[in-house]
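Encoded as structure tokens, here's the structure I'll be asking about.
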Amino acid sequence: MTDRYAVIGNPISHSKSPLIHAQFARQTVQDLSYEAISAPLDGFRDTVLALRDEGCRGMNVTVPFKFEAFQLATQLTVRAQAAQAVNTLKFDGTEIIGDNTDGAGLVADIERNLGFILQGKRVLLMGAGGAAYGVALPLLNAGAIITVANRTEDKAYQLAAVFSAHGPIHGSSYTALAGSQFDCVINATSSSLADSLPPLPRGESASLLSSPNSSFSIEENTKCGGIFAPNALAYDMMYGKETPFLIFAKEQGAARLADGLGMLVEQAAESFFLWRNIRPDTAPVIAKLRLI
């Protein structure tokens, strides 16, 4: 019998997860189906339990239900506990296992796909909401030295306090970043959805020199300025367009630019591994999505 999986959210029609998991299934010869399901805003729990009772083996969870999924789970992985949110559910009898694969997906994209090793690197993590909570522990486990900046700086301090036992991390206001440089700057805010830019300190602009075969997602630059150290990576978790943050990073001299499409595929692969105990090859899937 074909095993059933799903992604649940509201809205959900835009989700690329069915396409991603269909490619994973073909690649690994797994007999499964995967669909997108819209749950009523007040009906997440009932929808999930009904799907489980109908034989669904697991699901991905997207906005706005990640915190409700955290509450629904009867078992939580360490990274789900750290994130205080769940994006992956696995059903095992009456047990509902909750995991958060976002941070693992981010680290895999940065280190494996982009070839940027995080060990010992100074990382600026912008934002102190759910996206930042989801990636802080995996970044620390990868050896990053993290500064968290947020418009409401108390929230940055709170996030840093939560993870301080796991590695070097501290909170900051955006204003206090002036004069500091970072090897990797990650936009985990919702600013790109609103076509806006976090209030980052500006340095001197630098000219962009792209290699002939580069795409906007990975571009070469010759100089650095402002908060970007030499050879710095600017990473926006949003994907699908050149965001104000990536434009800013290009102007300010970041050596490399990346959007979050690779993270999307890598976090999906981590979910797939949790469900099927087999790890798909993400590179061809990322390449295919770049063409869509």
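The values are calculated or read from the model by the stated rules, or taken from the named source; none is laboratory data. Here the structure is a predicted model, which means the values were calculated and not measured. Please note: Cβ atoms are built from the backbone with ideal geometry, for glycine as well, and neighbour counts cover all protein chains shown. Surface accessibility is based on the protein's heavy atoms, side chains included, excluding ligands, DNA and RNA. Shrake-Rupley method; radii C 1.70, N 1.55, O 1.52, S 1.80 Å.
Helix 44-53: angle to the longest alpha-carbon principal axis of the chain, degrees 0 to 90, nearest 10?
Here the helix axis deviates by roughly 50 degrees.
Could you tell me how far the Cα centroid of region 227-292 sits from the Cα centroid of region 62-103, in Å?
Going from one Cα centre to the other spans 23 Å.
Which of the peptides 178-186, 102-110 is most tightly packed, and how do the rest follow, judged by the mean count of other Cβ atoms within 10 Å per residue?
Descending packing order for the listed peptides: 102-110, 178-186.
Right, something else. Kindly rank 30-37, 270-277, 249-256, 191-198 from highest to lowest mean number of other beta carbons found within 10 Å of each residue.
Ranking the peptides 30-37, 270-277, 249-256, 191-198 by packing returns 249-256, 270-277, 30-37, 191-198.
Through the Karplus equation 6.51 cos²θ - 1.76 cosθ + 1.60, θ set to phi - 60°, convert the phi angles of region 2-7 into ³J(HN,Hα) values in whole Hz; use x for Gly and Pro.
Calculated HN-Hα couplings, in order: 5, 6, 9, 9, 7, 10 Hz.
Expressed as a whole percentage, what fraction of the accessible surface of the chain belongs to carbon and sulfur atoms when a 1.4 Å probe is rolled over the protein heavy atoms?
Numbers: 6610 of 12670 Å².
The computed percentage sits at 52.
Right, another one. Report the net charge of residues surrounding Ile169, where surrounding means a beta-carbon distance below 14 angstrom and charges are Lys +1, Arg +1, Asp -1, Glu -1.
+3
Still on this model: Residue farthest toward the positive end of the dipole of region 16-163, with Cβ of Lys/Arg at +1 and Asp/Glu at -1: which of Asn141, Gly115, Gly55?
Checked the options; the winner is Gly115.
Put +1 on the Cβ of every Lys and Arg and -1 on every Asp and Glu Cβ in region 116-199; which of Ala188, Ala165, Ala178 then has its Cα farthest towards the positive end of the dipole?
Sorting the options by dipole projection puts first Ala165.
With a 10 Å cut-off between alpha carbons and a GNM built on the chain, which of Ala268, Ala229, Ala85 moves the most?
For the chain, modelled as a Gaussian network with Cα springs under 10 Å, the answer is Ala229.
Also: Take the alpha carbon gyration tensor of region 98-174, find the square roots of its eigenvalues, order them as a ≥ b ≥ c, and report rounded if a/c is under 1.5; if not, report prolate when a/b exceeds b/c, else oblate.
Here region 98-174 falls in the prolate category.
State in Å² the accessible area per residue of the chain; use a 1.4 Å probe, count heavy atoms of protein chains only, and round to the nearest integer.
With all protein chains present, the chain gives 43 Å² per residue.
Just to confirm a number: summing +1 for Lys and Arg and -1 for Asp and Glu over residues other than Pro198 whose beta-carbon lies under 11 angstrom from that of Pro198, what do you get?
Residues close to Pro198 contribute a combined charge of 0.
Let me ask something else. Could you give the angle, 0 to 90 degrees to the nearest 10, between helix 17-28's Cα long axis and the longest principal axis of the Cα atoms of the chain?
Between helix and principal axis, roughly 80 degrees.
Pairs on different chains or at least eight residues apart, Cα atoms closer than 27 Å: how many lysine pairs in the chain fit?
Lysine pairs, 8 or more places apart or on different chains, close enough: 16.
To test your reading of the geometry: what angle, between 0 and 90 degrees and rounded to tens, separates the Cα axis of helix 261-276 from the longest principal axis of the chain?
The answer is roughly 30 degrees.
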